[in-house]
Amino acid sequence: MQKPIVEITFCTQCRWLLRAAWLAQELLTTFEADLASVNLCPGSGGNLDVRFNDELIFSRKLAGRFPEAKELKQLIRDRIDPQRALGHSDTPVKLTQVQSHASDD
């Protein structure tokens, strides 16, 4: 089975490269053996979107805020290995609008 790919698209006009790179580093540290790659994709328009194998799992515009690292770790863990413990990153976070819309279907 092929390992999943995470893509973080960030707005270059807003200068969000460092934020995107920090999130990528957090994900690679936590899931170093589980992911094929975490790709940083330059974008525009105020976007900071995170995709897991082409599935949008977080959108800054839809959520109205930036993602928390622990939130992204939980979203990715839930797709890779839902039973895996993440230590302090397992504390509850509120649902993003992307998740809320997906559960409404």
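The values are calculated or read from the model by the stated rules, or taken from the named source; none is laboratory data. Quick caveat, the model's predicted, so the values are computed rather than measured. In this analysis, Cβ positions are derived from the backbone assuming ideal geometry, glycine residues included, and neighbour counts consider all displayed protein chains.
Confirm whether Leu28 is at pLDDT 95 or above and part of a strand (DSSP E or B).
Details: at pLDDT 95 or above: yes; part of a strand (DSSP E or B): no.
Taking the combined requirement at face value, the residue does not satisfy it.
Matching residues to (1) farther than 18 Å from Asp81 by Cβ; (2) surrounded by 15 or more Cβ atoms within 10 Å (Cβ to Cβ):
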| residue | (1), (2) |
| --- | --- |
| Trp16 | yes, yes |
| Leu27 | no, yes |
| Glu32 | no, no |
| Gly43 | yes, yes |
| Gly46 | yes, no |
| Asn53 | no, no |
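Which of (1) β-branched (Val, Ile, Thr); (2) modelled with pLDDT of 95 or more; (3) in a loop (DSSP other than H, G, I, E, B) is the odd one out, the single condition Val93 does not satisfy?
Against the list (1) β-branched (Val, Ile, Thr); (2) modelled with pLDDT of 95 or more; (3) in a loop (DSSP other than H, G, I, E, B), Val93 comes up short only on (2).
Which one of these is free of Cβ contacts under 8 Å to residues at least 60 places away in the same chain and in contact with a helix residue (DSSP H, G or I) (Cβ under 7 Å, 6 or more places away or on another chain): Glu7, Glu26?
Details: Glu7 fails: in contact with a helix residue (DSSP H, G or I) (Cβ under 7 Å, 6 or more places away or on another chain).
Glu26 is the lone residue from the list that is free of Cβ contacts under 8 Å to residues at least 60 places away in the same chain and in contact with a helix residue (DSSP H, G or I) (Cβ under 7 Å, 6 or more places away or on another chain).
For the range 57-72, check the following and say yes or no: at least one residue is hydrophobic (A, V, I, L, M, F, W, C), surrounded by fewer than 13 Cβ atoms within 10 Å (Cβ to Cβ) and either modelled with pLDDT under 95 or over 12 Å from the mean Cα position of the chain (by Cα) (or both).
For the range 57-72, residues hydrophobic (A, V, I, L, M, F, W, C), surrounded by fewer than 13 Cβ atoms within 10 Å (Cβ to Cβ) and either modelled with pLDDT under 95 or over 12 Å from the mean Cα position of the chain (by Cα) (or both): absent.
So Ala33 passes all but one of these: (1) in a loop (DSSP other than H, G, I, E, B); (2) touching a helix residue (DSSP H, G or I) at 6+ places or on another chain (Cβ under 9 Å). Which condition number does it fail?
Result: Ala33 fails condition (2) only.
Condition (residue is assigned to a strand (DSSP E or B) and either more than 12 Å from the chain's Cα centre (by Cα) or farther than 19 Å from Arg77 by Cα (or both)) applied to the range 46-55: is it met by at least one residue? Walk me through how you get there before you give the answer.
First, the residues of the range 46-55 that are assigned to a strand (DSSP E or B): 48-52, 55.
Applying the additional criterion that residues be either more than 12 Å from the chain's Cα centre (by Cα) or farther than 19 Å from Arg77 by Cα (or both) yields 48.
Checked the range 46-55: at least one residue is assigned to a strand (DSSP E or B) and either more than 12 Å from the chain's Cα centre (by Cα) or farther than 19 Å from Arg77 by Cα (or both).
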